[in-house]
Amino acid sequence: IFVDEPLLYDTFPPDFIWASATSAHQIEGAWNVDGKGPSIWDTYTSQPGIVAEGATGQTACNSYYFYQKDVDALKSLNVSHYRFSISWPRVLPNGIGQVNQPGIDYYKNLIAALKVANIQPMVTLYHWDLPQALEDMGGWLNASVADWFEEYARLCFTQFGDDVKIWVTLNEPWITAWQGPKYGPGTYTYQAGHNLILAHAKAYRLYESTFKASQQGKVGIALNVNWFFPGSDLIADKDAAERALQFMGGWFANPIFGSGDYPSIMKLKIGEKSAQQGFNQSRLQENTAEQKPWQKLLVPGSADFLGINHYTSSLTVNQPSNINDVSYESDQDLYSYYDPSWYGSGSPWLKITPFGLRNLLGWLRDKFNNPEMIITENGCSDTAGNLDDMLRIYYYKHYINNVLKAIKTDGVKVSGYTAWSLMDNFEWRAGYNEKFGLFNVDFSSPELPRTAKASARYIAQIIHDNGFRSDQPCNNYPISK
Ligand code: PNW
């Protein structure tokens, strides 16, 4: 299972979506100009000792001013789409209420520049930069957050919906609920998850009722799901790998794309543990009266496509945890690790396991009735940012080929692929040390020039060919200026 089969030389379906991606906080800079309100990441990075080397997103790639450079870079990739995100506090400085016109203008200008380049926008509403004003009111734990998000979504659909035909409501709610601002062990995590699902569903239903007929777009959500191989052939370890998938992907996918409820294994595990731990109801908060309306009406079927952010795999074994440890991790009773033979990357959590993506796509096809899927992120980091990035070419070659096999051999409905990222950028807590770009950004120069890496040329060729030609060696993308 750890060895790649030979490459499949074939093409993707016609009209396949080819994209590259960024997010607002990771590239825009201009964090406090033209009326933008602060986001939780502006606050977070201003505290010492949080982000590597005290890095911030205050300037980043300065795309607020240099967006034309981004469009030029995208053009050279031959992409049909650009996945970017809107900064909620740039258009609504307080999260709700007063609209910031310069923020609206910025995204209108970006969309206009894309139009000139014949590139379609694929727009994420929320890529982690919550307005600080909303965080001050409890953020994703406040029961009103779904209504705040709906108001923000309404503004974006109204302002940009004539030009945007693919919307992603939330990027990786799993991160927001669990890893982002740690909302507390094992209870707040699920409460935030619950509110995130509601927020997504409200935005979807708003689009469906008010905008879809005239704007004719699609609305989905981007879930990050790793692949988990069983660490052995023992039934207990196979069950543990399945459990890991359900806790990571099923948590959000099952309410939206599946039964409408949380995965039964989550209900069972969290329910049992909560009882043993003395809680008077499950920390997952399922089956409460207040939850019923969304289960029945709002959430099931609230997406036109399933966005998948996928990077890596791990091996998983069953491992009962200490019952006194109240946490999302411990609820799963498992242990995950990496096979030492897997190639690494610039990020400790990212091992190069292209075969995992094909397994994951098959699993999602089976669990969620073969939904339309778009790979909304896939990519690889290094720390050097070198232009002759053979590792990234290897990564893209094999991951994209596994997507092709999933479509052509396994009958999975994948309608698009998005490379993360267009350019080196602010990689959250890793600062500028972990570089995912197809384009290098020289952060020491005030002009922040974007320079194509070899992988940019490789991807441009794949997109040009709409797949893999047999006469296409992977070492044929020299650095030329
Ligand atoms: C994504 N995992 O997060 C984010 O959407 C991007 O903003 C980010 O720059 C990119 O990955 C690279 O880190 C991830 O658990 C979160 O494997 C979690 C995982 C992968 C990616």
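Brief remarks follow.
- Here R358 fulfils each of the conditions (1) modelled with pLDDT of 95 or more; (2) closer than 25 Å to L7 by Cβ; (3) out of contact with any helix residue (DSSP H, G or I) (no Cβ under 9 Å at 6 or more places or on another chain) apart from (3).
- Residue match in region 470-478 (condition: within 15 Å of the ligand (Cβ to nearest atom) and either surrounded by 24 or more Cβ atoms within 10 Å (Cβ to Cβ) or in contact (Cβ under 8 Å) with a residue 60 or more places away in the chain (or both)): no
- Taken over region 433-461, the residue count meeting the criterion of being among the β-branched types (V, I, T) and more than 24 Å from the chain's Cα centre (by Cα) is 1.
- Screening I459, I375 for residues that are within 16 Å of the ligand (Cβ to nearest atom) and buried (at least 24 other Cβ atoms within 10 Å of the Cβ) leaves exactly one candidate, I375.
- A residue that is at negative phi and touching a Leu at 6+ places or on another chain (Cβ under 6 Å) cannot be found anywhere in region 350-364.
- Selection within region 98-143 - among the acidic types (D, E) and within 16 Å of the ligand (Cβ to nearest atom): D129
- Scanning region 159-168 turns up no residue that is assigned to a helix (DSSP H, G or I), out of contact with any Phe, Trp or Tyr (no Cβ under 9 Å at 6 or more places or on another chain), away from the ligand (no atom under 14 Å from the Cβ) and not hydroxyl-bearing (S, T, Y).
- Residue in region 295-303 that is touching a helix residue (DSSP H, G or I) at 6+ places or on another chain (Cβ under 8 Å), under 30 Å from F436 (Cα atoms) and modelled with pLDDT of 90 or more present: yes
- Residue pairs meeting the criteria (Cβ under 7 Å; at least 6 apart or on separate chains; first assigned to a loop (DSSP other than H, G, I, E, B) and surrounded by fewer than 24 Cβ atoms within 10 Å (Cβ to Cβ), in region 20-42; second among the aromatic types (F, W, Y) and at pLDDT 95 or above): G29/Y64; A30/Y64; A30/Y65
- Selection within region 13-39 - in contact with a Pro (Cβ under 9 Å, 6 or more places away or on another chain) and within 14 Å of the ligand (Cβ to nearest atom): S39
- Filtered by the rule that a residue be of a type in the set (D, E, K, R), out of contact with any Ser or Thr (no Cβ under 8 Å at 6 or more places or on another chain) and within 23 Å of I221 (Cα to Cα), region 105-138 gives a lone residue, K108.
- Qualifying residue in region 223-245 (condition: touching a helix residue (DSSP H, G or I) at 6+ places or on another chain (Cβ under 8 Å), of a type outside the set (F, W, Y) and modelled with pLDDT under 95): no
- Just one of the listed residues (K453, K408, K435, K397) is of a type in the set (K, R) and within 15 Å of the ligand (Cβ to nearest atom), and it is K435.
- In region 395-422, of all residues being surrounded by fewer than 19 Cβ atoms within 10 Å (Cβ to Cβ) and of a type in the set (S, T, Y), the one that is farthest from P348 (Cα to Cα) corresponds to T409.
- Selection count, region 317-371, where residues are more than 15 Å from the ligand (Cβ to nearest atom), closer than 23 Å to D389 by Cβ and assigned to a loop (DSSP other than H, G, I, E, B): 1
- Qualifying residue in region 379-394 (condition: surrounded by 18 or more Cβ atoms within 10 Å (Cβ to Cβ) and in a strand (DSSP E or B)): yes
- Scanning region 43-64 for residues that are surrounded by fewer than 17 Cβ atoms within 10 Å (Cβ to Cβ) and part of a helix (DSSP H, G or I) yields T43, A52, E53, G54.
- Region 370-384 residues that are in contact (Cβ under 8 Å) with a residue 24 or more places away in the chain, paired with ones that are in a loop (DSSP other than H, G, I, E, B) and of a type in the set (F, W, Y) (beta carbon under 8 Å, 6 or more apart): E377/Y311; N378/Y311; G379/Y311; G379/F436; C380/Y311; C380/F436; S381/F436
The values are calculated or read from the model by the stated rules, or taken from the named source; none is laboratory data. Small disclaimer: the values here were computed from a predicted structure and weren't measured. Backbone-built Cβ (ideal geometry, glycine too); neighbour counts: all protein chains shown.
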